[in-house]
Amino acid sequence: MTLLEVRGLGKHFSGLHAVDDVDLDISAGRITAIIGPNGAGKSTLFNLLAGFYRPTSGTVRFKDRDITGMSPHRTVAHGIARTFQTTNLFEDATVLDNVLSGRVVRSHSTVFDAVLRTPRHRREERLNLDKAMAALEFTGISEYRGEIASSVPQEVQKRVSIALALATEPELLLLDEPAAGLTEEETGGFAQLIRDIVADGVTVGLVEHRMSMVMSLADHILVLDHGKEIAAGTPETVRTDPQVIEAYLGADHQEQEGAG
Ligand SMILES: Nc1ncnc2c1ncn2[C@@H]1O[C@H](COP(=O)(O)OP(=O)(O)O)[C@@H](O)[C@H]1O
Ligand SMILES: [Mg+2]
């Protein structure tokens, strides 16, 4: 089943075609990877899907509903969560409070419920705590729940971002270079976490530079260069595509961390 359907999607920044006429189908229960050199438009594509940018052209449909140009708080309510290339946590808040912030989107009690501590509010608070704790367990970082986010190791911070995204109860999770800057061993742990997320019923979109990780995880790969698709298919098809080898694998095979 197609969960997300992208057609003719484009984003122009004053003359620069950051994303240019892209088509993409993300199948439910699968891992779809987006690869390409730095500046290819991968993060911009994720920003378009999650509503952080408005497309210049094209459509995005999620669960058969047109979500083109919808704001991030609405796309997350519909079930799309994303993490950012550079972790953006509330640095002075605890790990648990960061993850709890993901629950806002699923909460319904009003400020009056909170002030009056109505049963509805207390019920929701308990549920939110349970869900946040479950996300911390799932990502393997519950022992850090009381620590200030900026004080925990980088690998843990990256897991906090994923826990925060999972706390919103997404159907589609978009991960933008989740393993950037991590050691080989830590990267293996992230690959396993991604497999666990999919096994738990969440569909994953993955932007990742490490080819070994992409090739071992992805069911489907879209290769972008200068905003355009240059290849798409299974890891096997993409790996042997001459255009991919030239544009990406050949020209640029160091690990890199871009902006955005
Ligand atoms: N907000 C923005 N304003 C102007 N240009 C942008 C903006 N965001 C991204 N770009 C440009 O769009 C292109 C694609 O960027 P990006 O999507 O971050 O690439 P990737 O994630 O593949 O490295 C780059 O040339 C980048 O400089
Ligand atoms: Mg990027």
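Worth pointing out:
- Computed lengthening from K228 to Q154, 0.36 nm per intervening residue step minus Cα-Cα distance: 23.4 nm
- One decimal place: the segment T118-S216 gains 30.3 nm when fully extended, by the rule 0.36 nm per residue minus the C-alpha distance.
- Placing unit charges on each Cβ (+1 for Lys and Arg, -1 for Asp and Glu) gives segment 88-169 a dipole about its Cα centre, and among I162, I148, M133 the Cα reaching farthest toward its positive end belongs to M133.
- Across segment 1-34, the residues whose backbone nitrogen lies under 18 Å from the label position 7 Å along the beta-carbon direction of E171 are 1-7, 24-32.
- Only protein heavy atoms count here; on that basis, with a 1.4 Å probe, I31 has an accessible area of about 10 Å².
- Whichever lysines have a C-alpha closer than 22 Å to that of K131, once near sequence neighbours (fewer than 8 apart) are set aside: K158
- Taking 0.36 nm per residue of separation and subtracting the current Cα-Cα distance, fully stretching the chain between D196 and A93 would add 34.4 nm.
- Calculated mean residue ellipticity at 222 nm for the chain: -10000 deg cm²/dmol, from DSSP H runs with n ≥ 4 weighted as -39500 (n - 2.57), summed, divided by the residue count and rounded to 500.
- Placing a pseudo-label 7 Å from each Cα along the Cα-to-Cβ vector at D66 and T237 gives an inter-label distance of 2.9 nm.
- Scalar couplings 3J(HN,Hα) for segment 25-32, obtained by applying the Karplus form with A = 6.51, B = -1.76, C = 1.60 to θ = phi - 60°, are 10, 9, 7, 4, x, 10, 10, 10 Hz; x denotes Gly and Pro.
- About the centre of its Cα atoms, the chain shows a dipole size close to 1180 debye [charges on the beta carbon of Lys, Arg (+1) and Asp, Glu (-1) only; nearest 20 debye].
- Dipole magnitude of segment 126-214 about its Cα centre (Cβ charges: Lys, Arg +1; Asp, Glu -1), debye to nearest 20: 180
- Result for the chain in a Gaussian network model with C-alpha springs under 10 Å: among L173, L96, L49, the largest mean-square fluctuation is at L96.
- Helix axis angle, 119-138 relative to the chain longest principal axis, alpha carbon, degrees: 40
- Loop-located chymotrypsin sites (Phe, Trp or Tyr not before Pro) in segment 1-90, at most 15 other Cβ atoms within 10 Å (DSSP): F52, F90
- Under 17 Å of direct C-alpha separation, and excluding same-chain neighbours fewer than eight residues apart, K11 reaches these aspartates and glutamates: D20, D21, D23, D225, E229.
- Estimated dipole of segment 1-98 in Debye, rounded to 20 [Cβ of Lys and Arg +1, of Asp and Glu -1, Cα centre]: 200
- Accessible carbon and sulfur surface of segment 88-169 relative to its total accessible area, %, 1.4 Å: 54
- Between the Cα long axis of helix 154-167 and the first principal axis of the chain there is an angle of about 70°, rounded to the nearest 10.
- The trypsin sites (Lys or Arg not before Pro) found in segment 77-135 that occupy coil by DSSP, while having at most 11 further C-beta atoms within 10 Å, are R117.
- Ligands, DNA and RNA are left out, and with a 1.4 angstrom probe the accessible area of the chain is 47 Å² per residue.
The values are calculated or read from the model by the stated rules, or taken from the named source; none is laboratory data. Fair warning: this is a prediction, and the values are worked out from it, not measured in the lab. Don't worry about glycine lacking a Cβ; one is built from the backbone with ideal geometry, like all the others, and counts go over all protein chains shown. Please note that ligands, DNA and RNA were not included when accessible areas were found on the heavy atoms of the full protein model with its side chains. Shrake-Rupley method; radii C 1.70, N 1.55, O 1.52, S 1.80 Å.
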